[in-house]
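Rule-based calculations on the coordinates, nothing more; no lab input. Given the structure is predicted, the values throughout are model-derived calculations rather than measurements. With ideal geometry, Cβ positions are generated from the backbone for all residues, glycine too; neighbour counts draw on all protein chains shown.
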Amino acid sequence: MMTKALPVAAGMAWLALASAADADTPAPPSLAPYFQPAIGAAKAPDADGFLQRWLLLEPIVKPNRSNSGFTNSYVRTALTTHYFPGQFTALPKDGETVKGAAPLRWHAFDAVPFDVTLFTFAAALGKPTYGVIFNAVTVVHSPREMKNVRLAVGSNAASMWWLNGKEAVMLSGDRRMVMDDVLSPRLTLAKGRNVLRGAVINGPGLSDFCVRFLDEDGKPIRDISVDVK
Amino acid sequence: MRHFATALAALLSLPGAASAQLAGEPFIHDPSTIMESDGKYYTFGTRGGGLVSEDGWTWHSGGERPGGGLAPDVIKIGDRYYVAYAVGGGGMNGGHASNIKMMWTKSLDPKSPDFGYHDVGVVASTDGVENADAIDPAFLLVDGRLWLSYGTYYGFIRIVELDPKTGMRLAGNQPVDIAIDMEATALMYRDGWYYLLGTHGTCCDGPNSSYNIRVGRAKSVTGPYLDTMGVPLLKGGGKLVIDGRGRTFGPGHFGLIDLGGGMEKFSMHYEADMDRSGRSVLAIQPLLWRDGWPIAGDNLKAGTYEITSERSGNALQLNVDFVRIAFDPRRSFFAKPDTPIVPVPDQTLAEDQATWPKDKIAVDLGEYMIRPHQQWTITPLAGAGGYFGSPYYKIVVAGTDRALAATPDDEVVTAPAFTGAPEQLWRIDQLIDGSYRITPKVKSASRRDVALVTIGASTPTLATFDPASDAGRWTFKAP
């Protein structure tokens, strides 16, 4: 067993858990098995259509000792709050720093596995892993207009996603990442550039996400590419 | 699937019915696979200690497991019971650095001269940094090869191979990642498929726990495990086996109980039994197989049913005079389109019962005619005991106290009144195909493994149960 949604009795213990667990960790994990620098031409989705090139912002501290409070309303409030300038409008650059409650840096990475392992991203950079909000942005290049596509998301824990500035889908609750967990309503990918933005909130435990587009038949869309510019 | 969809309807819950849950004090979290030792059944949980039972129904605190730690599992190989358990990890205290330790004993009964644990050592570990957490071990022995799965939500579920002669890790064996986003795994093998079961959702939060058991299968023990939709368990897939229901929340930690004779069950804990202060309890339910996939069955709910023989399709009934329902067929054949429509009442119990003998009445099987003498009210009995998750039931003709009973010469009759005597108590166990076996509580003096069996299209008796035959299979239909 592992307590992710911590019971009340364990609550006080958890207050020291993140730091204690991290303090026990002999060395941070290596990024290499999970991320590589995002360089070169725009990246095609993997064989299953998962998008693997992302700008990831170092985590915003948002204490939550349990994920059980990730109700619809809480998640919407937490993930639509403005934490830094340009949060919902700007396309950041690799290495750019934003100023919120604390300076946070954007990192451009290609995910090695199908999913984006946010916990490892944070841990490897020596950043907080529990009680955090992650922000992610990628640019989807579509060779033509594609109607009636769906954004298929799995996230650990809750998340919200916006396509070209419009909310696409929200995943609330204490979720584990399951591919194609929640699908958006039918969307249109514009010909050319489409900005896909996401935010993932997590209390204790691992955090990650996986994202792909599916066509009307539920098949992954692979004739697109993603980049960070 | 032959029998699956036939049994259930909207059912009436009766006052005084037994709880669907086990008797005794079955309080445990993360129960290990149930093992028989020295004529008793044992399961062990987190932090040491466990439960013991003589019949699989009534459980008490008992058993000794040194070492503490999390979520053990037990397997018997030869004359040894191997016990694996995790120390550290689980996200508490030690973070995700953990060791799975192994020990063995020749008896699980602390009073046995064979009882005594021998340490084998660490068979799997995680360093707290890598993307896995070595807790929740689970054994599988297939064709002489011993496997151990482990892990939790922190990264991957992994599998390693052990030496069944020593319990130690095979030299040079490396862990293989087989799933993500689950914990409390279990492994099964059936008809050429390996099954990986695990628990999704959250634990340890009483009725707010969302624990539920999922499964994927693979042709190789090291995967890839896929669910029925083809989603890899390495990408979060998993077909539902069981989730919370009624007054019990958050099932987790699957453990197979193969009772033989086409009867399989599984143990688990519920995170919260609302009839027991919301505490975590051991539970046992039937395991069914549908199209090569395991799903949870259920004990028969209290209610009134037709009891149908899967051999003949005929209904168990009192062998009494057939009473016609007053009806002039000409009303049907010669009715005009504008003839007024009126409902025809059911036959009442009083109409059917008028000629019944007062004492014992034989039972036989007949075409189901929706008559009172073919309808049975079945009620699980509190305090009457049971066997591996199945309580004992009384079976009476609906609206009466006339009870189905076994005779000393292994026949079946009805007694005029229910007395609670053992010959009037019946176990009703769901079989892997979804049908049921009906077993008298009293043991036969001359026949082994006796159950209610259809020996002719219209003749029931008590005879040795044959798992390969429809003769001993029954379904319960809404009357």
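Structure notes:
- Ellipticity estimate at 222 nm from DSSP helix runs (n ≥ 4, -39,500 (n - 2.57)) divided over chain B, nearest 500: -500 deg cm²/dmol
- Farthest toward positive dipole pole in the range A:43-227 [+1 Lys/Arg, -1 Asp/Glu at C-beta], among A:Leu151, A:Gly205, A:Asn135: A:Asn135
- Whether the range B:11-153 is rounded, prolate or oblate, judged on the alpha carbon gyration tensor where a/c under 1.5 counts as rounded: oblate
- Assigned charges on the beta-carbon of Lys, Arg, Asp, Glu; chain A dipole about Cα centre (debye): 580 debye
- Across the options B:Ala124, B:Ala335, B:Gly246, the greatest Cα extent toward the positive end of the charge dipole of chain B (unit charges at beta carbon of Lys, Arg, Asp, Glu) belongs to B:Ala335.
- Among the cysteines of the protein assembly as shown, those with no neighbouring cysteine Cβ under 4.7 Å are A:Cys210.
- Whether the range A:43-227 is rounded, prolate or oblate, judged on the alpha carbon gyration tensor where a/c under 1.5 counts as rounded: prolate
- Overall form of the range B:21-296 per C-alpha gyration tensor (a/c, 1.5; a/b vs b/c): rounded
- With K and R counted +1 and D and E -1, the other residues having a Cβ less than 14 Å from that of B:Val142 yield a net charge of 0.
- Scalar couplings 3J(HN,Hα) for the range B:370-387, obtained by applying the Karplus form with A = 6.51, B = -1.76, C = 1.60 to θ = phi - 60°, are 6, 10, x, 6, 10, 10, 10, 9, 10, 9, x, 9, 5, x, 9, x, x, 8 Hz; x denotes Gly and Pro.
- Going by neighbour counts of Cβ atoms within 10 Å, the residues A:Ser184, A:Ser155 line up, fewest first, as A:Ser184, A:Ser155.
- Of the cross-linked pairs A:Lys62/A:Lys219; A:Lys93/A:Lys166; B:Lys40/B:Lys265; B:Lys40/B:Lys477, those separated by over 25 Å at the C-alpha level are A:Lys62/A:Lys219; B:Lys40/B:Lys477.
- Total formal charge among the other residues, if their Cβ is under 15 angstrom from that of B:Gly116, Lys/Arg +1 and Asp/Glu -1: -2
- Rounded to 0.05, the FRET efficiency of the B:Ile455 and A:Arg222 pair, given R0 = 41 Å and the Cβ-Cβ distance, is 0.05.
- Förster-model FRET efficiency, 22 Å R0, A:Ala47 and B:Met229, C-beta, rounded to 0.05: 0.80
- Paramagnetic reach from B:Tyr189 in the range B:130-146 [backbone N under 13 Å; point 7 Å along Cα→Cβ]: B:139-146
- Scanning residues 5 or more positions from B:Thr459 or on other chains, those with amide H under 5 Å from its amide H are B:Leu365, with H placed 1.01 Å from N in the peptide plane.
- Dipole axis of the range B:21-296 (+1 Lys, Arg; -1 Asp, Glu on Cβ), positive-most option in B:Gly69, B:Ala171, B:Val281: B:Ala171
- Look at the stretch B:197-203: the mean tally of other chain Cβ atoms within 10 Å of its residues' Cβ atoms is 4.
- Dipole size of the range B:303-477 about its Cα centre, with +1 on Lys/Arg Cβ and -1 on Asp/Glu Cβ: approximately 160 debye, rounded to the nearest 20.
- The magnitude of the dipole of the range B:118-195, with charges of +1 and -1 set on the Cβ of Lys/Arg and Asp/Glu and taken from the Cα centre, is near 280 debye.
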